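The next block holds one structure in the form of structure tokens; read it before the comments.
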Amino acid sequence: MVPKAGCAGFATALPVAVLGVLSNLGFDVRQSNVVECLPQRDKVQELVTQRAVDSIVLVQESIRKNPYVYISADKGNKNGNKNLAKYICWYDVDLKRVSTYLLDVDCTNENTNDTADALAHSLSREFPPDVPVRLYGQCTNSSGGGTLFALQR
């Protein structure tokens, strides 16, 4: 997706990109034909939503086969917003490799309890009670709260 652009922005930028490529290849195409054949904002939104749901379901299925999950979290401070990026990783038994998944990035302060609550909330949103997840390890940096043994507790 185009950074900071919604589905309408992507639907607007896509014809420009396609027309640019076709023009560079020497094709003589009408702009209206390209615009009409590419997905509009509503279709782009539908495709993004379908892909998000598919990703979550595939991650849940993989974790059901190996529910030992490691979590990695990192706090940042951008323009006064204390963001917390949360990844999970696990060994995918089907692909025979470690897989990673970005849970989300949201704002939280540096209090360890708030960081733990944010992690629990993100996990509960992605994994309903019928998907067993056991946090087996963690990786965070050493700045601020929500690190090492305090977060483990």
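Data table
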read-out: Inter-residue pairs, beta-carbon under 8 Å, first farther than 15 Å from GLU126 by Cα and in region 42-54, second open to solvent by 80 Å² or more (accessible area, probe 1.4 Å), 6+ apart; value: VAL48/MET1
read-out: Region 118-153, subset modelled with pLDDT of 80 or more, among the aliphatic types (A, V, I, L, M) and surrounded by 13 or more Cβ atoms within 10 Å (Cβ to Cβ), residue farthest from LYS65 (Cα to Cα); value: ALA118
read-out: Options VAL69, VAL98: the member that is open to solvent by 70 Å² or more (accessible area, probe 1.4 Å), touching a strand residue (DSSP E or B) at 6+ places or on another chain (Cβ under 6 Å), among the hydrophobic types (A, V, I, L, M, F, W, C) and part of a strand (DSSP E or B); value: VAL98
read-out: Subset of region 17-53 (residues that are over 16 Å from the mean Cα position of the chain (by Cα), aliphatic (A, V, I, L, M), open to solvent by 50 Å² or more (accessible area, probe 1.4 Å) and at pLDDT below 90); value: VAL29, VAL35
read-out: Test: ILE56 is closer than 30 Å to PRO129 by Cβ, open to solvent by less than 60 Å² (accessible area, probe 1.4 Å) and touching a Cys at 6+ places or on another chain (Cβ under 8 Å); value: no
read-out: Of all residues in region 101-117 being surrounded by 15 or more Cβ atoms within 10 Å (Cβ to Cβ), free of Cβ contacts under 8 Å to residues at least 40 places away in the same chain and under 24 Å from PRO132 (Cβ atoms), the one that is nearest to the chain's Cα centre (by Cα); value: LEU103
read-out: Of the criteria (1) in a strand (DSSP E or B); (2) within 16 Å of GLY137 (Cα to Cα), which one ILE63 fails; value: (1)
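The values are calculated or read from the model by the stated rules, or taken from the named source; none is laboratory data. Small disclaimer: the values here were computed from a predicted structure and weren't measured. Note that we place each Cβ from the backbone using ideal geometry, even for glycine, and neighbour counts take in every protein chain shown. Side chains included, ligands, DNA and RNA excluded: accessible areas come from the protein's heavy atoms. Shrake-Rupley method; radii C 1.70, N 1.55, O 1.52, S 1.80 Å.
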